[in-house]
Every structure is written in C-alpha cells, then in structure tokens.
Amino acid sequence: MTADYAARPPDFSAAAIRNRVLPVLGLAAAAAILFSGFVEDAPNRLVSGRPVSLWAAAGIWPSAAIALFAALLLAAALLPQKRALSCVIAVAAALALLAGLAAAGMAARTLLAGAAPAARIALGPAFWVVEATAAFAILDALQRLAAGPLARLLAVAAIAAAIAAVALSGSLDSLAIAREYESRHAAFAAALWRHILIVALSIGPALLIGFPLGVAAAKLPRLRGPLFAFLNLLQTVPSVALFGLLIVPLSELAKAAPRLAAFGIGGIGLAPALIALVLYALLPVVRNTAAGLLGVDRGVVEAGRGMGLSPGQLLWQVELPLSLPVLLAGLRIVTVQAIGLAVVAALIGAGGLGTFVFQGLGQYAVDLVLLGALPAIGLALFADFALRSLSAILFPAAPR
Amino acid sequence: MIEIERATKRYGGRPVVEGFSLNIVEGEFCVLIGPSGCGKSTLLRMINRLVPIDEGAIRIGGRDIRDIPAEALRRRIGYAIQSTGLFPHWTVADNVATVPRLLGWPPARIRERVEELLRMLRLDPDGFRTRYPQQLSGGEQQRVGVARALAADPELLLMDEPFAALDPINRDRLQDELVRIHRLTKKTILFVTHDIEEALRLATRMAVMDRGRLVQEGRPIEILERPADDFVRDFVGRQGLGLKLLSVRRVGDRLRRGETAEGEPVPLDAPLREAFSAMAQRRTDRLPVADAEGRPVGVIALADLVR
C-alpha cells in the first residue's frame, strides 16, 4: 500500500486518510485527557481519590506537549505514509510517553505541596490511556517501518532506558506507587528476585519432563490422545484450587519424611508453587514439542530414514533443528504463563511479587496492588519480547 | 542383483502388494510402472525396508534383506523421492554428503565426492555448494536429490517418481541426465513412475503392475508389441502406439549401411521418433546417420520406419 501511495503526488483532501490507526489513537488520547482525570488526589492511601485533569494537575507545558502529540497523530494520518514520517511518529510517541510520565510526576509534586503527609496522588485513567496510545503509536510505526528484530530490540531498549532514567531522577517520587515502593524497597527487591527464581526453577523441570513426553506424543500416536486429555484436564484446574489441593499431600509428605522437610518441602512455600507451575507448563511444552516434530515435512523425514539415519540421528539432526522455532514458541508461552501464575503462588506463601498484590487487595490499597502487578506485567512483556527477538534473529524465515 | 520372491504386504488384511516376483539383473534400468495406488511405491519401499515385508523374500546380491540391519542396508541403497526430501537446514554440500558422513568417510574424500557429483548433475560446485535447498529451483533441487542418492556410490538406486513434480522441460532434461548417468555408472536402477512416456524413455526393462500384482515384464518394445492383456494394452495406450514404438526403437536398428545422403546427420543411437521428426521438419525422406564420433555410417529412410 505504501508503495502505491508513494507513487502519487500528495493529496490533502479529507477523504485521504492514509493510516486508520493513528486517528483512533489520537482521538482516544484527546478524549481521555478531556473527560477523565490524569491523576487522582486522595487524602490517604486507602480511599479512592478525586480526579484531577491534566492541565489542572501539571500546568500548561506538559498539557501542550501531549495535546501536540495527539494533533500530530491526527495530522500524520492524512500524510503519505513514508518511512521518514514513521520515524518521526516513533520518536514523537516515545517523547510523549516520557512526557506523560514526567507530567504525572510533576503533578504529584505540585498537588502534594502543602498537603497532609498521608495524602496520596495516584495515576488516573487519562494517564494510562496516553501511555497506551503512545506505546501503540510506536508499535504501529515500527510495523510500518518493517523494522527487523535488532532494530526493534534497540528501539525498545532505548525507551526502557529512558523510562528508567526518568524514574531514577526522582521526578516520579511523589506518586503514590513510588511512596508504596519507598516504604518497601528492600522487600521489593527480594520479591522481584524471588519471583524470577520461582519462574526459572519451574521452567527447567517443565522442559526436562515435557520435552521427552512431547517426543513420545509425536512418535506414538496411541499415547497422544490420553496424554493430551490428561494435560488439558490439568490446565482446567483453577490455579488457586491447584495450589490449595497440593497443601495437604505435601504437608503429609513432609511429616512422613522429615529429611524432605529439611529441604524446604512442605504444604506451603516454594514446593507446592513449583509443582503447580511445572504441571501447568507441561501442556504447552508437550503440545509444542509434539506439534513441532509432527510439523516437519514428511518427505524430509522419509528421505532421512531412507538414507539410513537412525531414529536418534533423525531426531537430533533433522527433526529437532527443524522444529526449533515451534519449541522456542512453546518456551515463550510457558515463561509468560509462569510469570503470571507465580503471582498467585504468593497465596500459599511462595513469596514473589504476588505478595504485594495480595497485601494490597487485603488493605484495599490499589497502588500496592500495582506495585506487585506492574513489575509482573513488565517481566512477562520482557520475557515475551526477548524470546520473540531471539527466535526472529535465529530463524528469520520461520513463521511466527 | 535383486531377487523379489512372492513379496506380499497387507494393510489391515487388504493386500497392497501380493505375491510379487521379479529379478533385476545388475546394471539394468528397470522401470516399475502402474496406475496410482497399484502398490509400486510400497514395493519400492519394501526393498529398503521402509515398509516391512509380510510374506516372501527380497534378496540383494543373494542376501536376504532381513539379515542386514535396516540402517546399514539403506546406506548401501540410493533413494530419491518426488518431494526430494532435501534437509532445508543443510546446505547443498551437506545434503549431498549425508550418506558418506553416516558412513564415516574422511572429510577430504567427502568434499571431493560432493564436487564430483555436483559436476555430474551439471550444478556448478562453486555456485551451489553453500546454498540452501529453498534457494534452488525445482529442477535444481531434484538434481541435488539425485546427487545425494548417488553420493556413497550405492550398488542400487531406488527412485520413486522423482521427476513427477517438475515442469516438462526440466523433466526432459533430468530424464536425459539420468540416462547418461546410468550409461556412465552402470548402476542398477529401480525407478517407479505412472508415466508411460517416461518409462519408455528410461527403461532397459519394464515391469507393469496392477492392483499389487506383476502383470507383465520385459523389454519396453516387447511390452508395446505384445501386451500380455487388455490392462497392459490400455495402459501403454492404444492411441499413439506407433509413435511410442518409434521412441523405443533406435536408428541403428534400421540403418542402411554404405548409402549416403545430404544434410545434418542423426546419431546412431537416437530413437526413430527423432529421425521421423527431423524428416517431417526438413521435408525429406532420407537422413544421413553418424556414429558417436560423428563419422557417417549410413542412411535412414522413411520406409525404414514402418518396416
């Protein structure tokens, strides 16, 4: 489409909307800013606050910057979609994303000046919409630029670094979520590491058990039906229920074998969390392994057998390398899923970021919930993005 | 070379190959022909034990194939299939080197052999060695497939409709290539096809198969001239039979020695069909004939074609 348009002279008539994504984003951002609060002003951390609009909260300059961004998106939709324009939009959207963050931080500082120490400034709907809009505009631009995996990686790394710089500069310190972090920063670091540990420890065994099962499912059609029926059944058990169900047998086991208890195995804590995560991870691992192996061209397998490759040589030299993209996709699904499920594992005392989520729910303190949830989402997005990039770099031709 | 003795294969009680017996002499280019689903591919795959035999026996060089470990047997037999089955993650050189590597040849010898085979299949080694299968055209892929089948200098070559998916021009070329390679290497080849023109062009011996059984076997001309029954007569085609006969007989069979004629000579080993075509094109009823070295040896006349 772009090539088609590039050949024609620019046409500024109203009918010529060259990009349907940008006006939707621009209008969404404008509407959110006009009709909802950018931050919320609450007398203490437990009650919900009064919405404060962007211009009232942050003053004229950030408001103008974000309004300019919305206008740019609307205008850009009418221009021919050239590469240069996509570059401009990507940079502008990244700046808008940072401007939104800075505006929120600035708003919090101004509103808190002279307020009671218990007062809290939380992030409002308009903030989230502006940030999401900017993120989508960046993605749209990268898509249109047909950016390769390395370019995407660099773009995302640059934006992440800029966000980190804004956060570290202290300009966000007055926000409610930063105050929650402030009072828990030692616990936060420990929880984050614990979360990563839970995920990492569950993926290893899941691969060790799931991979051979996947190979078996691919090679033995008779095993496939019952195996997948069982794994599907496992997947339907709600995570909270599975965590709960594991408490009794594991605490009995720990009682019967005190040696195991010495290793930390018991009804609550890390052991049931890891077992549950491994069980949930089995289905994606087994399914993707089997699907990958079964997806290898039959002619290739046939030729390999016909030339005298042994079943082991065929598996390791031909079938596995050819199904690696699908296996890597399985690993990605499992990692993202485990990061999410590990939040719930905090319920049975496994620790991790879920600790803040459940504490926050118990206290009805939304910002504390966010303190647990946002990093978990960030971790999941990072894992997804990193594994996707890895796959794109290793297997440029594979479908994703 | 290969003795197939009352070989039978059943799937769920239904015979796919039934009491099939055939002897293939060393150096023969044997084409196994029959309609789709007649069991010819299954029979081929029984020879390299991709399909286990239910009854009867198959012997290669006097040894029952069941006495040879399957992998060792397959490494002694070249195998080429319609979809080529090239390994997409390996280069052309690695693909061709598959069996030599399995057999543990030293790397230098493998490199030399790959070079030799690519040349034999008219693929420039420098241009093709490091390319991947998806970067090749269909015809080039099948050339690599044939080179790979020949790599470890197997005593026997099994080919399962290797050219069926190619366009007519590439099919023609590869058929010529294969005839040339057969003459050059004297390999025993068992080639499966459902295309009678292809069979007539390639075969030194033909076996016609129908519903799992051998219907007739013999030299191509015997099958054309004396079809064993209506099935074979229908299969080789009542229409155009004369032209098919012309394509299995050679100019040398009807040569008038000592006579001379004007014009570009036809080769002694060309099929009569080619001579017929040249006469029609040049509006003449006599053509000079030359041997492999280009020396004139005689004349072929229109009347000789229908003798």
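Where a number appears in this text, it was derived from the coordinates with a stated rule and is not lab data. None of these values were measured; they are calculated from a predicted model. Virtual Cβ from ideal backbone geometry, glycine too; neighbours counted across all protein chains shown.
Here are some notes:
- Meets criteria (among the aliphatic types (A, V, I, L, M), away from chain A (no Cβ under 14 Å) and in a loop (DSSP other than H, G, I, E, B)) for B:Ile53: yes
- Test for B:Gln175: is it polar (S, T, N, Q), within 14 Å of chain A (Cβ to nearest Cβ) and in contact with a helix residue (DSSP H, G or I) (Cβ under 8 Å, 6 or more places away or on another chain): no
- Single residue of A:Gly114, A:Gly105 found to be surrounded by fewer than 16 Cβ atoms within 10 Å (Cβ to Cβ), out of contact with any Lys or Arg (no Cβ under 7 Å at 6 or more places or on another chain) and not polar (S, T, N, Q): A:Gly114
- Screening the stretch B:75-165 for helices (runs of 4 or more DSSP H) wholly inside it with 2 or more residues that are more than 14 Å from every other protein chain (Cβ to nearest Cβ) and not polar (S, T, N, Q) returns the ranges B:92-96, B:107-120, B:125-128, B:138-150.
- Top-ranked residue of the stretch B:20-50 - restricted to ones that are within 14 Å of another protein chain (Cβ to nearest Cβ) and in a loop (DSSP other than H, G, I, E, B), ranked as nearest to B:Ile181 (Cα to Cα): B:Asn48
- Some residue of the stretch A:40-53 being of a type in the set (Gly, Ala, Ser), part of a strand (DSSP E or B) and closer than 24 Å to A:Asp367 by Cβ: yes
To keep it simple, each residue is scored yes or no on (1) without any contact (Cβ under 8 Å) to a residue 60 or more places away in the chain; (2) within 25 Å of B:Glu198 (Cβ to Cβ); (3) surrounded by 15 or more Cβ atoms within 10 Å (Cβ to Cβ); (4) not charged (D, E, K, R).
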{"site": "B:Ser41", "(1), (2), (3), (4)": "no, yes, yes, yes"}
{"site": "B:Arg49", "(1), (2), (3), (4)": "yes, no, yes, no"}
{"site": "B:Glu55", "(1), (2), (3), (4)": "yes, no, no, no"}
{"site": "B:Arg75", "(1), (2), (3), (4)": "no, no, yes, no"}
{"site": "B:Gln82", "(1), (2), (3), (4)": "no, yes, yes, yes"}
{"site": "B:Thr98", "(1), (2), (3), (4)": "yes, no, yes, yes"}
{"site": "B:Pro107", "(1), (2), (3), (4)": "yes, no, no, yes"}
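- Selected residue (only one of A:Val199, A:Val215 is more than 19 Å from the chain's Cα centre (by Cα), among the β-branched types (Val, Ile, Thr) and over 27 Å from A:Ala113 (Cα atoms)): A:Val215
- When each of A:Val296, A:Val300, A:Val286 is tested for being within 26 Å of A:Gly225 (Cβ to Cβ) and in contact with a Pro (Cβ under 8 Å, 6 or more places away or on another chain), the lone residue that passes is A:Val300.
- Among residues of the stretch B:286-299 being assigned to a strand (DSSP E or B) and among the hydrophobic types (A, V, I, L, M, F, W, C), the one that is nearest to B:Arg180 (Cα to Cα) is B:Ala290.
- Looking only at residues of the stretch A:296-308 that are surrounded by fewer than 23 Cβ atoms within 10 Å (Cβ to Cβ) and assigned to a loop (DSSP other than H, G, I, E, B), we find that the one that is nearest to the other protein chains (Cβ to nearest Cβ) is A:Asp297.
- Any hit, the stretch A:348-366, residues being out of contact with any Cys (no Cβ under 8 Å at 6 or more places or on another chain), surrounded by fewer than 17 Cβ atoms within 10 Å (Cβ to Cβ), under 30 Å from A:Ala151 (Cα atoms) and hydroxyl-bearing (Ser, Thr, Tyr): no
- Candidates in the stretch A:309-358 are the residues that are within 11 Å of chain B (Cβ to nearest Cβ) and not in a helix (DSSP H, G or I); of these, the one that is farthest from A:Gly264 (Cα to Cα) is A:Leu309.
- Matching residues in the stretch B:161-170 - criterion: being over 15 Å from B:Ile81 (Cβ atoms) and surrounded by 14 or more Cβ atoms within 10 Å (Cβ to Cβ): B:Asn170
- Options B:Leu272, B:Leu246, B:Leu268; residue that is under 21 Å from B:Phe29 (Cα atoms) and in contact with a Phe, Trp or Tyr (Cβ under 6 Å, 6 or more places away or on another chain): B:Leu246
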